[in-house]
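Here is the structure we will look at.
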Amino acid sequence: MRKIRILYTIPNFDTAGSGIALMKMCTRLDRNLFEPMIVCLHDRGAYFEEVRRSGIPVHIYPYLSDLKPRWRLFFNIIRISRFFRSLSPDIIFSYHYAPNFSEVLAARLAGCKFGYVKKNMGWEGPSRNQWKIRTWFSDAITVQNTDMMRSFFPGNKKARLISIGVDQQEFHPRLPDSSLRNELGIELEERIILCVANLIPKKGIDFLIRGFASSASFKQSRLIIVGNNQTMLWKETQELMWQLSTGDRVMFIGKRPDIPRFLSIADLFILASTGDEGAPIAIQEAMSIGVPVITTQTPGNRDQLDTLPDQLIPPSDAEAIAGAIDRMLSLDQEKRHTIISKQWDIIDKRYSLKEEVRQHEALYKSLVNFEEL
């Protein structure tokens, strides 16, 4: 019996978020049944070396085309289809976040099955028709939250809900990293509230800071924000912290690769998104490592805590954030452990990397009539 050859397409490994999710999933496929390959547009980015070391064949090729002018698109689709055909994949599966439909047309011309992952809540506006074309010619779509399924693919039998999964071997309960507390200059008696998010508008960092500053726990706690803060919002965020006199109670750490260390010392994790999300892996990582989570009632976030409604708060509401902080930090040990246990149960049943891989394998088998190979 020959293996199912799957070609994953992804623009780059620069931003790493989607790239890491792809690599964690495809490196765990059953290699007795599946033969993964990857194509991307360039080899820049520190994470690309991790991709090379994985042993999965990686090809650098301009596999996407501008959609206009149409005559150039036509010839580029032919060119791309020839490249796809040279690799002889059974399935081409796209991790491209945008609705560019050139690769699906090239895949169909090459005689390959095609699927894509819908990673964000973008659909309306000028790109709507592009999403429809991409979906029409696809054989499968994996959808990352229930709001996407209801809004974009109602009744569409090609679409199935397969959320990104957390690596429980990396994110598991561990002893607090005392050396990190020392590195950050945080006293042992101080409570730690953690947020892992880049400083962009939809992450609601301004509401998080306002809520933290007005909480009764403010003087006994630190708010640590891990993520890229070198953005257009940094100056106004600094001004906000000055206005609220947060001092060193709010700490921006920047991007860090050692997220499990930060989670190990956290008493509470908060993601205060004001806008739609796909399926934030940061929430799952916190739940998996054993940190109580508070997040907002927004698409992408609410799925992960739908069975724990007390841990969901309204978006863009600093007062609700302050109340949630005080309530969660005042929990006794028994109630805290009950929440952690329920969160672990959600991860095990719905958001583990093992479950994500299992569902992808089942999808690939169904696309190629595996029993007939």
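Values in this text are rule-based calculations from the coordinates and carry no lab data. Just so you know, these numbers come straight off a predicted model, no measurement behind them. Note that each Cβ is placed from the backbone with ideal geometry, even for glycine, and that neighbours are counted across all protein chains shown.
Brief remarks follow.
- Failed item in (1) surrounded by fewer than 21 Cβ atoms within 10 Å (Cβ to Cβ); (2) within 17 Å of Ala320 (Cβ to Cβ), with Leu199 passing the rest: (2)
- Yes/no for Leu244 being within 21 Å of Gly275 (Cβ to Cβ), over 18 Å from the mean Cα position of the chain (by Cα) and buried (at least 16 other Cβ atoms within 10 Å of the Cβ): no
- Filtered residue count, region 63-95, keeping only those that are part of a loop (DSSP other than H, G, I, E, B), free of Cβ contacts under 8 Å to residues at least 60 places away in the same chain and surrounded by 13 or more Cβ atoms within 10 Å (Cβ to Cβ): 3
- Residues being assigned to a strand (DSSP E or B) and either under 14 Å from Thr9 (Cβ atoms) or touching a Pro at 6+ places or on another chain (Cβ under 7 Å) (or both) - total across region 97-132: 5
- Residue check, Ile20 of a type in the set (A, V, I, L, M) and closer than 17 Å to Phe114 by Cβ: no
- Qualifying position, being within 19 Å of Ile164 (Cβ to Cβ), outside any loop (DSSP other than H, G, I, E, B) and aromatic (Phe, Trp, Tyr), among Phe212, Phe252, Phe269: Phe269
- When Thr231, Thr237 are screened for being part of a loop (DSSP other than H, G, I, E, B) and without any contact (Cβ under 8 Å) to a residue 60 or more places away in the chain, only Thr231 passes.
- Of all residues in region 20-52, those being touching a Gly at 6+ places or on another chain (Cβ under 9 Å), free of Cβ contacts under 8 Å to residues at least 40 places away in the same chain and either crowded, with 16+ Cβ neighbours inside 10 Å or closer than 22 Å to Ser88 by Cβ (or both) number 6.
- Failed condition for Gly55, given (1) part of a strand (DSSP E or B); (2) surrounded by fewer than 17 Cβ atoms within 10 Å (Cβ to Cβ): (1)
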